[in-house]
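Structure record follows, encoded as structure tokens.
Just so it is clear, none of the values below were taken in a lab; they were calculated from the coordinates. Computed from a predicted structure; not experimentally measured. Cβ placement follows ideal geometry from the backbone for every residue including glycine, while neighbour counts extend to all protein chains displayed.
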Amino acid sequence: MAYVVYNKETTKTIRAKAYGKEYYATEAAAKAFLTRMVKMGYRKEDFAVAEISDFRANIEKYETVTNLMSGKPVRQSVNTPLSCDVSSETYWSM
């Protein structure tokens with residue numbers, strides 16, 4: 001099982017930039033990362049830890065964006081990387 005640290009309001013996952021990780025192998029590792037965030041000045045009550053399958057199925061928010069090429073609406077996760085977002089020029093220029 002894998003775990004994520006996410007913002008409770010936006011449901012965007014928080015990456016450990018120093019390690020390049022978005023997912024953690026254990027709940028303890030995710031909570032340890034959250035503790036390090038608090039020491040850097042973040043508010044603990046703004047974030048939570050969840051198991052990845054539960055997060056994807058029940059917690060993660062979705063947004064509707066417009067496909068740049070067709071103009072049609074597309075529903076995608078708020079955690080969709082820019083390079084995979086059909087509403088961005090980055091996606092279409094790759």
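Calculate one ³J(HN,Hα) per residue across the range 66-82 by plugging θ = phi - 60° into the Karplus curve 6.51 cos²θ - 1.76 cosθ + 1.60, and present them in order as whole Hz with x for glycine and proline. Working through the residues one at a time gives 9, 5, 5, 8, 9, x, 7, x, 10, 8, 9, 5, 5, 9, 5, x, 4 Hz. Of all lysines in the structure, the ones whose alpha carbon falls short of 21 Å from that of LYS44, not counting any fewer than 8 places away in one chain, are LYS8, LYS12, LYS17, LYS21, LYS31, LYS61.
In the chain, one over the average inverse separation of all distinct C-alpha pairs is 14.6 Å, which is the Kirkwood hydrodynamic radius. Among the chymotrypsin sites (Phe, Trp or Tyr not before Pro) in the range 33-94, those located in a DSSP loop and surrounded by at most 15 other Cβ atoms within 10 Å of their own Cβ are TYR42. The MET40 and LYS61 beta-carbon pair, evaluated with R₀ = 25 Å, returns a calculated FRET efficiency of approximately 0.50. Phi angles of the range 23-37 translate, via the Karplus equation with coefficients 6.51, -1.76, 1.60 and θ = phi - 60°, into HN-Hα couplings of 10, 10, 5, 10, 5, 4, 5, 5, 5, 5, 5, 4, 4, 5, 5 Hz per residue; Gly and Pro are given as x.
The longest part of the chain holding none of the exposed loop trypsin sites (Lys or Arg not before Pro), meaning those outside H, G, I, E and B in DSSP with at most 12 other Cβ atoms within 10 Å, is 62-94. Start at zero, step by 5 Å, and the Cα-Cα distances of the range 47-94 spread as 5, 20, 24, 19, 13, 11, 7, 1 percent across the bins. For the chain, the list of GluC sites (Glu not before Pro) that fall in a loop by DSSP and count at most 12 other C-beta atoms within 10 angstrom reads GLU9.
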